[in-house]
Each structure stands twice: as C-alpha cells, then as structure tokens.
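Chemist: Input: one structure, supplied below.
The values are calculated or read from the model by the stated rules, or taken from the named source; none is laboratory data. Predicted model, so just to flag it, every value in this text is computed and none were measured. As a convention, Cβ positions derive from the backbone with ideal geometry for all residues, glycine included, and neighbour counts pool all protein chains shown.
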Amino acid sequence: MVQVSGPRIRGLREGLELTQLYLATVVGVTTETISRWERSESPTIKKENGLKLAAALEVELTELLVPGVEAEKTAREGAGGQSVEEPVGPSSAEHDPETVSPVRPGPGRQSFRPLLWGLIPIVFLIVAWFLRDLSSVPQPFTLEAIRVLPTHSAPGQVFPVVIRVTADDENSSSLLIREQLPPRCVLVSSLPKALEAAEGQLKWLGREGGDVQVVYLARCETQADVQTQVSFRGSVLLRRERHQESEIVGASQLELQPFHWADQDRDQRISDEEVLDVHDDFGVAEGLGLDVDRIEEMWLGSGYRWLPEQQAFEILP
C-alpha cells in the first residue's frame, strides 16, 4: 500500500488537461474513487493502482507519494485488516453509472493525436492545390541571340553576318528576328530569305523549337568625308503566353578599312588559323555566294593588296 497526495494528483491531472473519467478508466476504478483520492479522503491506495495512476499522469510513483510517510505505517486498516480503499475491479466499474469502458482520452494531450492525423490529408490537399496553380503560371525562360560579324571589311566588298538564336524551352513558338543595317549598307542575300522593310530593316519570321540561325551577306559603301565605322543592331521577339524580346548581342561594330574581312590581324595575308575561322564561323554562308574559293587562294598565295581604284583585291603569287 502507498499513501498518495491528493493535491498533487489533481494538479498533475489538470496540468495535462485530463478528466477524472480518463484516469478512472486507465487505473480501473470509478470516477468517485479518483475524486476521493484528489480530496485526500482515501489517501492510501494499492501500489498497483498507484503505478497505473503515475503512468497516466506521466510521472514516477514517488512524485505522487506524501513526502516522509511510509506507506505501511500510514495505511488505514479496516475491519479484519482490510484497506478502506474504494472497491475496485470489474464489478464496481459495472455498477458505477459514470464509468464507461472502453473510453477515449479526454481533452488532454492524447486527444490531440487524432486531430493531428486528420490535418495531414488537408495539408497534402493544400500543397497539391498550390503546386497545380504554380504549374499554370508562365515560367521564365532564357532567350539569347548572338551576332557573329567580322571586325572589318573593305568598302564595297561583300561580308557575311550570322545570327544564332537559342531558347532553353523545347516548346515551339513563333519568333521574329529584326536586324537594322547601318546607313549606306545594303543586303546582298540571306538564308532564309529576309523581308526588307524601310530604312534598311531586315526581318525573318520563323518557329522556335531549338536553335535557329539566319545568315546574310551585306555590302557597305563609304566616302572620305564619312566615318569608317558602322554599327549593327537588332532584336528577337518571341511569342508565348506573353511576348518576350531580347536584344541581339555579340559583335555589332564593323570598320571599313582596305583589308579583307577574313584577314583578322590585317597583315595582308590569310593565315592557317584565319582560314579555319572562316569555315567555322561563316561556312554556312557559302551557299549564299560567299567566295570561299578566292579566300583559299589568298591563303595559298603570299598575300594580297587592295586596289582602291578598282575597289578589288589582287592576290600576290
């Protein structure tokens, strides 16, 4: 037998927000017995019931005992040496109208578990709804257009220009490439065929679904009283859920100088590295009439020179 503290039992129960009915069910006694224990009317209880009570209150049994009192010295014996503790067991529980078995925990900590489990499906539904809405929002993508242009060209001579467009989206969509030629520069040919607008503006319509490339040949005239550097500018417009426009980056300046455009270092000869660059960067323009054969003749010869009166190059043996 052990002697328990009624105020201690009540304080722990109320702190855990448990009902007397819940404690009675766990221990196996009536709610009236729990009430008597809390009022210290029956402070001496069986040790077995004390252990069940301590487990329900989430403490050790020693925390329920009256300090400094031995259980065997404080037990109140009834007639014939029996304890005056309230009868317990199945028969007493059956005759107590307040006892219901089995019962679920009251509004204590245990009662929150079903609520938490019930909230989990709701949380999943909210996340799924959010992800569905997020997938319907147009996602940003990268659109890039690069221009490849020689650094210089001789006045009146044809030179190539390549524009490469890439987008990090596999969906196909309409695109418009716009290129503005400098003043006194004209289009010679292009692939695909360009639509020429007023004031030297070129346009290409196409479909974006991977890399897109356009190439064209141009020619620029100059005079002694005008600047010898011309500028190219352009943009790419892509239609999706919304329109996105990107400026064409890369080379944009070309100088008009008496050197062949393939002669990058302007030393009046075509080196091995320079002829390889011609094929790598501008080989796609050969089908437009770019005279790659004459460039290779310059490469095989000792050099070339510019004839200003004829507006042509002479290949040196």
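Chemist: With the range 185-264 as the region, which strands (runs of 3 or more DSSP E) entirely inside it contain at least 2 residues that are in contact with a Cys (Cβ under 9 Å, 6 or more places away or on another chain) and modelled with pLDDT of 90 or more?
Modeler: Output list reads 185-191, 212-220, 253-256.
Chemist: Let me ask something else about it. If you scan the range 1-20, which residues turn out to be of a type in the set (Gly, Ala, Ser) and either under 15 Å from Thr62 (Cβ atoms) or surrounded by fewer than 17 Cβ atoms within 10 Å (Cβ to Cβ) (or both)?
Modeler: Scanning the range 1-20 gives Ser5, Gly11, Gly15.
Chemist: Just one of (1) closer than 16 Å to Pro67 by Cα; (2) among the hydroxyl-bearing types (Ser, Thr, Tyr); (3) modelled with pLDDT of 90 or more trips up Thr30, so point out which.
Modeler: With (1) closer than 16 Å to Pro67 by Cα; (2) among the hydroxyl-bearing types (Ser, Thr, Tyr); (3) modelled with pLDDT of 90 or more applied to Thr30, the lone miss is (1).
Chemist: For the range 284-317, how many residues meet the condition of being exposed (fewer than 15 other Cβ atoms within 10 Å of the Cβ) and within 47 Å of the chain's Cα centre (by Cα)?
Modeler: So the count comes out to 1.
Chemist: Since Gln244 meets every condition but one in (1) surrounded by fewer than 16 Cβ atoms within 10 Å (Cβ to Cβ); (2) touching a strand residue (DSSP E or B) at 6+ places or on another chain (Cβ under 9 Å); (3) within 30 Å of Gln201 (Cβ to Cβ), which condition does it not meet?
Modeler: Status for Gln244: all satisfied but (1).
Chemist: For the range 200-214, check the following and say yes or no: at least one residue is aliphatic (A, V, I, L, M), surrounded by 13 or more Cβ atoms within 10 Å (Cβ to Cβ), more than 18 Å from Phe282 (Cα to Cα) and over 36 Å from the mean Cα position of the chain (by Cα).
Modeler: Yes - at least one qualifying residue is present in the range 200-214.
Chemist: So which residues in the range 265-281 are assigned to a loop (DSSP other than H, G, I, E, B) and free of Cβ contacts under 8 Å to residues at least 40 places away in the same chain, if there are any at all?
Modeler: Passing the criteria: Asp265, Asp267, Gln268, Arg269, Ile270, Ser271.
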